[in-house]
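To start, the structure itself, in structure tokens.
The values are calculated or read from the model by the stated rules, or taken from the named source; none is laboratory data. All of these numbers come straight from a predicted model, not from anything done at the bench. Glycine gets a Cβ as well: all are built from the backbone with ideal geometry, and neighbour counts include every protein chain shown.
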Amino acid sequence: MMVRRKLLVLSLVVLVAVAGCAGMDGNDAAKDASGNRNGDAGGSSQSDSTAADGNQRSALVVQQRALIRTGNVTIAVENFDQTETNLSRLARQRGGFVSDSTQRVHRNGNETWTTGRVVFRIPKENFSAFFEEAKRAGEVQESSTGTKDVTDQLVDVEARLTNLRSQREKLRNLYRNASDTEDVLAVQKRLSNVQSEIERLEAKQQSLKRQVAYSTVTVTINEPRPPSETKSSGQKSWYETGVLAAFLDSVDGSLVMLRAIVVGVAYLLPYLVVLGIPVGGVYVWRRRNSDRRDTMDDKKATENKTGENDD
């Protein structure tokens with residue numbers, strides 16, 4: 001039993017080491033497939049048939065680059081809903097679909113206008129045609145396109161998946177042959193980790209493939225903001241107004257002015273009270289002093305006049 005356990009542990013160690021080396025070889029092969037390490041290969045002859053097949057596959061991958069294409073366009077239109085409907089119909093005709101959309105209704109008094117964004121997923125072979133159709137749907141305010149090469153990522157993911165699947169099969173064989181509980185648990189834990197990594201890489205691979213197969217076109221749609229109301233929109237000039245309407249307008253204006261005066265007085269009243277008391281006190285005091293001085297001056301003048309008469 002101890003010998004079997006040691007053999008099982010040794011097998012696991014060898015398996016992990018081999019998988020690590022295979023992963024490094026897979027990454028090197030992925031780099032060769034993407035054209036990063038083909039400089040030395042072109043100068044030497046390849047006699048091995050397996051190597052020749054690998055070079056052919058690498059050349060095919062280089063020719064068929066995996067490109068993620070994106071486009072962004074902003075257009076001004078008269079009707080948001082109509083434009084969105086037309087572009088959605090064109091996308092379906094091109095084999096695409098609407099993946100996301102947002103819109104916002106703006107208000108200014110009684111006027112409204114709509115702006116928003118619609119994201120389309122279009123097959124890569126129809127990207128250019130649909131992008132031009134989107135630009136013709138309105139007045140183009142801004143447009144841009146972009147391309148991302150994910151060939152290296154896909155080749156690397158595929159190489160890692162191949163190595164992990166091979167490792168998974170070896171672990172399954174060890175699991176079937178293991179009889180000790182500890183050995184079974186150890187192999188089962190390692191197998192679970194490998195399976196999780198395989199599922200993660202497969203999900204990443206599928207996501208990259210979907211992005212390559214369906215390009216993304218984001219269309220921002222803006223309705224124009226309605227102009228502000230002016231006289232030409234229905235407001236009459238003064239000479240076009242009737243007598244009764246003019247009188248009523250005058251009454252309204254008078255009431256508005258009266259209300260403004262009342263509000264102004266109510267607003268200023270506290271300040272007038274606070275400032276008026278000391279100012280009024282000073283005024284009364286100065287007035288009394290002035291009256292007293294005038295009285296004294298009059299009295300002196302009378303006395304002087306009486307004295308002169310006595311003389």
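Observations, loosely collected:
- Tally of residues being over 43 Å from the mean Cα position of the chain (by Cα) and touching a residue at least 24 places away in the same chain (Cβ under 8 Å) across segment 178-223: 7
Each row is one residue, and each column tells you yes or no for (1) touching a Pro at 6+ places or on another chain (Cβ under 7 Å); (2) within 30 Å of Y214 (Cβ to Cβ); (3) part of a helix (DSSP H, G or I); (4) charged (D, E, K, R).
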position	(1), (2), (3), (4)
R160	no, yes, yes, yes
R168	no, no, yes, yes
D183	no, no, yes, yes
Q188	no, no, yes, no
V194	no, no, yes, no
E197	no, yes, yes, yes
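- Taken across segment 269-292, residues that are modelled with pLDDT of 75 or more and either under 52 Å from the mean Cα position of the chain (by Cα) or not in a helix (DSSP H, G or I) (or both) do not occur at all.
- Residue in segment 224-233 that is surrounded by 12 or more Cβ atoms within 10 Å (Cβ to Cβ) and either modelled with pLDDT of 80 or more or under 30 Å from L87 (Cβ atoms) (or both) present: yes
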